[in-house]
Amino acid sequence: MKKPRSIAAAVVVAVILAATAAWAVHASRRASAVAAVAVPKPALTVAAATLQSAVLPVRISANGNISAWQEASIGTEADGLRLAAVNVNVGDVVRRGQVLAAFASDTVNADLAQSRAAVAELEAALADAEDNARRAHGLQATGAMSAQQIQQYLTAERTARARLEAAQAAERTQQLRLAQTRVLAPDDGVISARSATVGAVLPAGQELFRLIRRGRLEWRAEVAASELAKLAPGQVARLTPAGGETIEGRLRVVSPAVDIQTRNGLVYVDLPPDTPARAGMFARGEFDIGTGRAMTLPQSAVLLRDGHAYVMRIGTDSKVMQTKVVAGRRAGDRIEITGGIDASARVVAAGGAFLGDGDLVRVVDDPVARSSGRLVSGAASAAVN
């Protein structure tokens with residue numbers, strides 16, 4: 001009777017031990033699961049950056065129009081003549097003295113021929129008057145002629161000379177009119193406008209062409225009155241026309257006056273002769289006036305959202321917080337920070353666009369990455385498992 005009881009007791013003990021072991025395994029697994037849920041996983045592995053002192057260029061921003069350095073208005077001096085030929089068009093490069101247009105000269109040639117004939121006639125009359133005056137002057141001592149007659153011959157000589165000079169002046173006038181039938185370029189340059197039409201009969205003073213002298217362009221930039229004192233001739237300016245490439249020019253002169261309405265002054269910047277810009281374009285630009293020290297971050301650390309600059313600041317618990325900062329100058333891959341964080345604050349060097357407020361990050365302790373602001377594992381690295 002004792003043996004069956006012993007076997008039953010052993011079975012009961014084995015069952016109890018198996019249940020205890022099963023409960024222990026289940027409790028262990030449950031504790032591991034709870035622990036796994038309780039410990040959050042980092043969203044990204046990032047490098048931290050802090051504010052670093054750097055030497056940045058000091059620049060003054062400006063806006064303005066690109067204009068011709070000097071634009072010449074070329075008109076007609078001939079009055080009432082028909083335009084017979086137009087030799088140039090808009091965009092043509094011309095040289096000083098080049099014939100741009102010509103008027104019909106038949107009428108002027110006829111008037112000139114008539115003036116020349118009148119001059120020839122009066123030259124003959126003057127020669128005859130001079131002979132008479134010379135003979136009269138020779139007879140003055142003999143008394144063969146009265147003083148009154150001698151004076152008449154001398155007066156006739158002076159009258160003939162005056163008439164000849166008037167005729168010669170009329171001839172020069174006709175020669176000038178003939179020269180005015182050819183419209184010449186006053187300087188080297190580029191034709192920027194043309195209103196001349198073949199066959200038109202034009203009054204004196206009518207504009208025919210406009211010429212950009214020497215093809216030179218300038219940027220007329222508007223600068224705040226408070227900044228004008230920092231500018232001086234010779235400084236470098238870099239401007240970018242709308243939709244164009246950056247152009248480098250040299251400041252030529254600062255306007256001595258300021259507009260009383262806008263409180264801005266004009267500065268004139270010479271552009272290179274091979275510039276792709278065109279007169280009338282609008283351009284934005286900057287003037288380099290020196291260098292200065294500033295506290296900077298990598299540009300990859302600064303996010304632009306809704307027109308403002310932000311950084312993802314890393315807290316002591318490795319969680320990030322979006323923080324608004326005040327951005328200033330930019331140079332290379334650095335951007336000046338003038339407010340919003342202090343020098344000891346750590347921010348996400350890159351990849352902040354993939355993070356939100358409160359996200360946990362894993363910060364890699366890399367001094368080089370902290371100072372340069374480069375992301376160690378990439379902005380889009382996978383979450384740490």
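Each residue of region 356-361 is assigned a 3J(HN,Hα), and the resulting list reads x, 4, x, 5, 8, 10 Hz, derived from the Karplus form 6.51 cos²θ - 1.76 cosθ + 1.60 (θ = phi - 60°), x at Gly and Pro. Backbone phi angles across region 91-104, fed through the Karplus curve with coefficients 6.51, -1.76 and 1.60 (θ = phi - 60°), yield HN-Hα couplings of x, 6, 8, 10, 10, 4, x, 5, 6, 8, 7, 9, 9, 4 Hz in residue order; Gly and Pro are listed as x. Hey, how many Å between the Cα centroid of region 209-238 and the Cα centroid of region 112-183? Answer, in whole Å: 60.
Close amide H pairs (under 5 Å, H built 1.01 Å from N) link Ala43 with Leu360, Val361, Arg362, residues at least 5 positions away or on another chain. Only Cα pairs under 8 Å and 6+ residues apart enter the sum, and on that basis the relative contact order of region 113-160 stands at 44 percent.
Between the amide H of Gly64 and those of Glu222, Ala283, distances stay under 5 Å, these residues lying 5 or more places away or on another chain, with hydrogens modeled in the peptide plane.
Checking every one of the GluC sites (Glu not before Pro) in region 180-269 against DSSP loop status and a limit of 14 other Cβ atoms within 10 Å picks out Glu245.
Protection proxy ranking of 347-356, 67-76, by the mean of other Cβ atoms within 10 Å over each peptide's residues and highest first, is 347-356, 67-76. Phi-derived couplings, Karplus 6.51 cos²θ - 1.76 cosθ + 1.60 at θ = phi - 60°, listed residue by residue for region 182-188: 10, 8, 10, 6, x, 6, 5 Hz, with x used for Gly and Pro.
In percent, rounded to a whole number, the relative contact order of region 72-209 is 53, using alpha-carbon pairs under 8 Å and six or more apart. Amide H to amide H distances under 5 Å link Ala350 with Ala47, where only residues 5 or more positions off or on other chains count and H is placed in the peptide plane. Distance between the C-alpha centers of region 255-332 and region 58-101? Whole Å please. First find each Cα centre; the distance between them is then 37 Å.
All of the numbers you see were taken from the coordinates with simple rules; none came from a lab. Because the structure is a prediction, the values reported are computed rather than measured. Cβ atoms come from the backbone with ideal geometry, glycine included; neighbour counts cover every protein chain shown.
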